[in-house]
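The structure under discussion appears below in the form of structure tokens.
Every read-out reported here was derived from the displayed coordinates using simple, explicitly stated rules and does not represent laboratory data. Just so it is clear, the model here is predicted, and its values are computed rather than measured. Counting neighbours? That spans all protein chains shown, and the Cβs are built from the backbone with ideal geometry, glycine included.
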Amino acid sequence: MLKNKYGYFDAKKREFVITDPRTPRPWFNYMWNDRYAGLISHTGGGFSYLDSPRDNRLTRMRYNSLPWDRPGRYVMVKDTESGEYWSLSWAPTLNVNYDLYECHHGMGYTRIITEYKGIRGEITYFVPRDETGEIWKISLTNLSERPRNLEIYAFTELLMGNALNDLINQPNDKHFTDIHFDKESQSLVATRRYWVLNKKVSVIQPNIDWKYILQFASTLDVSGFDASLDTFIGKWRSEANPLSVETGEMHHTEITAGDPVAALQSKVKLEPGNTLDFSILMKVSEKESAKLSDINSWKSQTFIEGKLSALQQYWQDYFSVLQVETPDEKVNTMLNTWNQYQAAVTFDMARNSGYYHGGLLFGTGMRDQFQDILGMVMVEPERVRKRLLNALQFQFNDGSTLHNFFKLAGTGERTRHSDTPLWIPFGLIKYFSETGDASIFEETVPYHDEGEGTVCEHMVRAMDYAISETTERGLPRIMNGDWNDTLDHIGPKGKGETIWGAFFLGYILKEAVSFFDFRKETVQVKKYSQAYKTLTKTINDLAWTGTWYLRAFRDNGQPVGTPEDDQGQIFLNAQTWSVISGMATPERGNTALKSCLDQLETPYGMQICRPAYHRIDDTVGLISRCVPGKKENGAVFNHASAWFVLAALMNGQIEDAYRIYQKMLPVNSGTDIDRYETEPYVFSEYVTSPEHPTQGQASHSWLTGSAVWMLYIGYGYLLGIRPVPGGLLIDPRIPADWDKVNITRKFRGKTLHIRIHNPDRVNMGVKSMTVNGQSHDSQVLDPEKYDGRELDVEVRLSDE
Ligand code: GLC
């Protein structure tokens, strides 16, 4: 069993179980559907929102403050005999010495189990797949031998509206809250009479209503309630010791101004050995059409059980699309569960709503959106299709794009990052490779400024724009940065050039050529092949140092990333993409990757560059202002490190690739968990490199491109089952000591049972392949050519 000192993986239940709540940081999970989402920590912390974490936040989270991870969704139990009270989620009553604490972070739910003074509590937080609301399902068991009189307090701090405004203008914002207790539905009904929704936070506002109501209810009889946070908590107190809980007296406050809380009290008697099941419900409805009594239907046990089992069924179906069995338990745990799950989270949360991404700034990044599909596209291609079509509205007529966009505001920022438009063809071709759905290219989508075009035109414009934004000698201008946001001062005058960007453009051109070739569009094939060829020559003429490729040229023509530099000498991305793009000669590719291994390998994966910048260099940018060893300034930036794994696999360096892949798995890079700090079940954006005293410390967990890339590279290149326009390409590149790999993969309407045999213990080379017992002489398998829904695929590797 995989474990560390704070918990373990339960592979069968697909849970990470935390057994000691004093983790080095709050460890989170997500509960969400298409519209309603919440973060939930192992202490019950986290916030909820509808549609947009910036513009439509429902509950509060306090940033940058101590204690960590407050407030949250709390249920407290009070023993009326002793007057003692405690929380069913550990926080906020941290000082209670529980006899048992377990937090089960599962797929779309979190269950926290506690035992204290003979009362066992189990609280399961989840968001139904198809409702705008959340359920906290609770069981209380009396383990003691005497009857117990208990008071139950459920509460959460409300926000309702623009979360950024709540931070910067709360004394004014609190004049618009409105909460009353509805007797008929026995629920607190909360709303706000004003919504700050003017695309950005500014003084000028459209003067509109928050168009929702939020109801908070219990399936138990309610004996008291409060809507005023001040009254419920009491002056000079905190959520750890609310006055109302301490005195047992709720004040029945209904507010039309002030800080809102939704707090309910119930009183129960529990006989020895008995269990009481009940739930706390939070439901959001459109004000105009809301019927308050609708929440009554949520109160039945059948409804609640039904929603929970539908959620479990959803994830069971989700995972049935890809399951692998390799000799490496860690790879299995990640690929079968957590890596797929994290990829699903990034698809919906982008880099926006997390503990490290407060949901106030980023919206959805264009480049992130087109990468984040790589997991979800296998399972819910229709959702991905919609998402791609939606994102294309943020492309301009000339092919360039906004850098990010906001769901409710419908706009974003134009930052002029050079790589962003090129992720459009990237995502579209990956979508097509998975689904074979050519119809998407015929859809028409408006441009953000004027006019409209088919999806195919959008894609072509993105590439033509990137080609046009090259300097006289033919290298892409870096503009205000490329994938690496912190290389933002290399080309302020418009002359600086990006070498990584040149390889990335090359890669996209290569992909476009095979895409258009598949579609038999010879004009495009010719055009982009020519561009690829010219660019390949240009890069190789200008950017090779003898041991590796440069990273960029500044406005004044000076190179970045040379062996002579004493900081920022070698950059990982420029080497890896020289191979991924196919633009390095085999000899240069080998040398470049060898330089990476010599210079950049750490115990946690590959450093993004080295030596990190110690002096500020304003001709490079923000990277040099960041402390050495963290973030883009020399950390093991997992997204970039993943691309090393990809490059090494493509280059036939399988054992190197596998070693780095393993090092990067959070169960390995987080072996020293007190140093590592973040969740061991998901990738973090980066792990601090040995260039900083806190080496080994990770940060920015969950929302990172590493999630989809590690998944895609893991199944697509390491196990080597990869969608291409013509079908599924079978090209495993596995460690030589793996004798066998089994994979189940649903693909284009069929279920493939793939067995890879490696009797000669080689790394790669498909010697033979059979499909349903018939020999198959191409490595690309088009399942649509076969009858029947199940295909048996036997693959034999050998280097003969
Ligand atoms: C962050 C951004 C991503 C960017 C990366 C490197 O992860 O979300 O868009 O490419 O940093 O700067």
- Query: the range 290-384: which trypsin sites (Lys or Arg not before Pro) are DSSP loop and have at most 10 other beta-carbon atoms within 10 angstrom?
  - Reply: K291
- For the range 676-772, run through the trypsin sites (Lys or Arg not before Pro) and keep only the ones in DSSP coil with at most 15 other Cβ atoms within 10 Å of their Cβ. R761
- For the pair T744 and T770, what calculated FRET efficiency results from E = 1/(1 + (r/R0)^6), where r is the Cβ-Cβ distance and R0 = 25 Å, to the nearest 0.05? 0.90
- Query: Where nothing but the Cβ of Lys and Arg (+1) and of Asp and Glu (-1) is charged, how large is the charge dipole of the range 365-474 around its Cα centre, in debye to the nearest 20?
  - Reply: 320
- Item | Charge dipole of the range 474-582 about the Cα centre (unit charges at C-beta), most positive-ward option of Y532, M479, Q558 | Y532
- Work from the charge dipole of the range 175-294 (Cβ charges, +1 for Lys and Arg, -1 for Asp and Glu, about the Cα centre) and give the residue of G248, G234, S202 farthest towards its positive end. S202
- Query: Of the beta bridges DSSP finds with both residues in the chain, what % are antiparallel, to the nearest 5?
  - Reply: 95
- Query: Going by how many other beta carbons lie within 10 Å of each one, how would you line up S144, S187, fewest first?
  - Reply: S144, S187
- Nearest 20 debye, what's the magnitude of the dipole of the chain about its Cα centre given +1 on Lys and Arg Cβ and -1 on Asp and Glu Cβ? 400
- Item | Within-12-Å neighbourhood charge of E452 [Cβ basis; K, R +1; D, E -1] | -3
- Residue (of P327, Q301, A11) at the positive-pole extreme of the chain, dipole from beta-carbon charges: P327
- Query: Using +1 on the beta carbon of Lys and Arg, -1 on that of Asp and Glu, and nothing else charged, what's the dipole of the range 721-797 about the Cα centre, debye to 20?
  - Reply: 220
- Net +/- balance of residues flanking S185 in space, Cβ distance below 11 Å, scoring K and R +1, D and E -1: +1
- Item | Prolate/oblate/rounded call for the range 627-677, Cα gyration tensor, a/c under 1.5 rounded | oblate
- Within straight cross-link reach of K750, meaning Cα distance under 16 Å, which lysines are found once same-chain residues fewer than 8 apart are removed? K785
- Using the count of nearby Cβ atoms within 10 Å as a rough guide to exposure, how do S65, S185 rank from fewest to most? S65, S185
- What's the angle, to the nearest 10 degrees (0 to 90), between helix 522-542's Cα axis and the longest principal axis of the chain? 80
- Query: Reachable aspartates and glutamates from K407, Cα under 17 Å, same-chain residues fewer than 8 places away excluded?
  - Reply: D34, D51, D55, D348, D368, D372
- Item | Structure-based [θ]222 nm, the chain - -39500 (n - 2.57) summed over DSSP H runs of at least 4, per residue, nearest 500 | -8000 deg cm²/dmol
- Item | Shape of the range 297-392, Cα gyration tensor, a/c cut at 1.5 | oblate
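Rounded, prolate or oblate: pick one for the chain, where a ≥ b ≥ c are the square roots of the eigenvalues of its C-alpha gyration tensor, a/c under 1.5 means rounded, and failing that, prolate if a/b is larger than b/c, else oblate.
prolate
Among the chymotrypsin sites (Phe, Trp or Tyr not before Pro) in the range 334-398, which ones are in a DSSP loop with at most 16 other Cβ atoms within 10 Å of the Cβ? Mind listing them?
Of the chymotrypsin sites (Phe, Trp or Tyr not before Pro), the ones in loops of the range 334-398 whose Cβ has at most 16 other Cβ atoms within 10 Å are Y356.
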- Item | Fewest-first sequence of S289, S529 by Cβ atoms within 10 Å of each Cβ | S289, S529
- With the calculation restricted to Cα positions, what are the radius of gyration and Dmax of the range 97-187 in angstrom? 18.0, 52
